[in-house]
Amino acid sequence: MLKLHEFADGCDKQTNAVRVKKLMEAMRGNVNGLRTLEVGINQLPDAQAFDVVLITTLESWEALEAYRVHPLHLDVVELLKKVRSERVVVDWEVNE
């Protein structure tokens, strides 16, 4: 989950949320081992709410490591360095 600055990289928060979402969605179908990817933008502004959420399913822990260094993911990371104020991450294994 991500909180974005009110204004960063020449854009307001909502514009940056859309930019982040577009870059994240570009990974769908283009990163080996990435099974599912969903990106949501918060629709009910609140001081405690985060602005963007990314939910992914990867094939394995090895796929997660490959995802972390994939060029499309690194594009997202570069944008986030400019527009993100906070980040919260949870990685867990699903028992099927």
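Checking Lys13, Lys22 one by one, the residue that is more than 10 Å from Val83 (Cβ to Cβ) and not aliphatic (A, V, I, L, M) is Lys22 and no other.
Out of region 41-59, which residues are in a loop (DSSP other than H, G, I, E, B) and either among the hydrophobic types (A, V, I, L, M, F, W, C) or at pLDDT below 95 (or both)? Lay out the reasoning, then the answer.
So the first thing to find is which residues in region 41-59 are in a loop (DSSP other than H, G, I, E, B), and the list is 42-51, 59.
Leu44, Pro45, Asp46, Ala47, Gln48, Ala49, Phe50 - these are the residues of region 41-59 that are in a loop (DSSP other than H, G, I, E, B) and either among the hydrophobic types (A, V, I, L, M, F, W, C) or at pLDDT below 95 (or both).
Pairs meeting the criteria (first residue in region 1-17 and within 13 Å of Val53 (Cα to Cα), second residue polar (S, T, N, Q), beta carbons under 9 Å, at least 6 apart or on different chains) are Leu2/Ser85; Lys3/Ser85; Leu4/Gln14; Leu4/Asn16; Leu4/Ser85; Ala17/Asn42. Annotation: of all residues in region 11-35 being assigned to a loop (DSSP other than H, G, I, E, B) and of a type outside the set (Val, Ile, Thr), the one that is surrounded by the most Cβ atoms within 10 Å (Cβ to Cβ) is Met27.
Please count how many residues of region 42-52 are loosely packed, with under 15 Cβ neighbours inside 10 Å and in contact with a strand residue (DSSP E or B) (Cβ under 7 Å, 6 or more places away or on another chain). Break it down into steps so the answer makes sense when it comes.
Filtering region 42-52 for residues loosely packed, with under 15 Cβ neighbours inside 10 Å gives 43-49.
Of the ones still in play, those that are also in contact with a strand residue (DSSP E or B) (Cβ under 7 Å, 6 or more places away or on another chain) are none.
Residues flagged as loosely packed, with under 15 Cβ neighbours inside 10 Å and in contact with a strand residue (DSSP E or B) (Cβ under 7 Å, 6 or more places away or on another chain) within region 42-52 amount to 0.
The set of residues in region 68-83 being in a helix (DSSP H, G or I), more than 12 Å from the chain's Cα centre (by Cα) and farther than 26 Å from Asp12 by Cα consists of Val69 alone. Taken over region 79-88, residues that are more than 12 Å from Met24 (Cα to Cα) and either without any contact (Cβ under 8 Å) to a residue 24 or more places away in the chain or not β-branched (Val, Ile, Thr) (or both) amount to 6. When residues in region 8-47 are screened for being of a type in the set (Ser, Thr, Tyr) and in contact with a Ser or Thr (Cβ under 8 Å, 6 or more places away or on another chain), 1 of them pass. Screening Glu86, Glu38 for residues that are part of a strand (DSSP E or B), surrounded by 12 or more Cβ atoms within 10 Å (Cβ to Cβ) and either more than 15 Å from the chain's Cα centre (by Cα) or of a type in the set (D, E, K, R) (or both) leaves exactly one candidate, Glu38.
The values are calculated or read from the model by the stated rules, or taken from the named source; none is laboratory data. These numbers were taken from a predicted model, which means no experiment stands behind them. Positions of Cβ are generated from backbone atoms using ideal geometry, with glycine treated the same way; all protein chains shown enter the neighbour counts.
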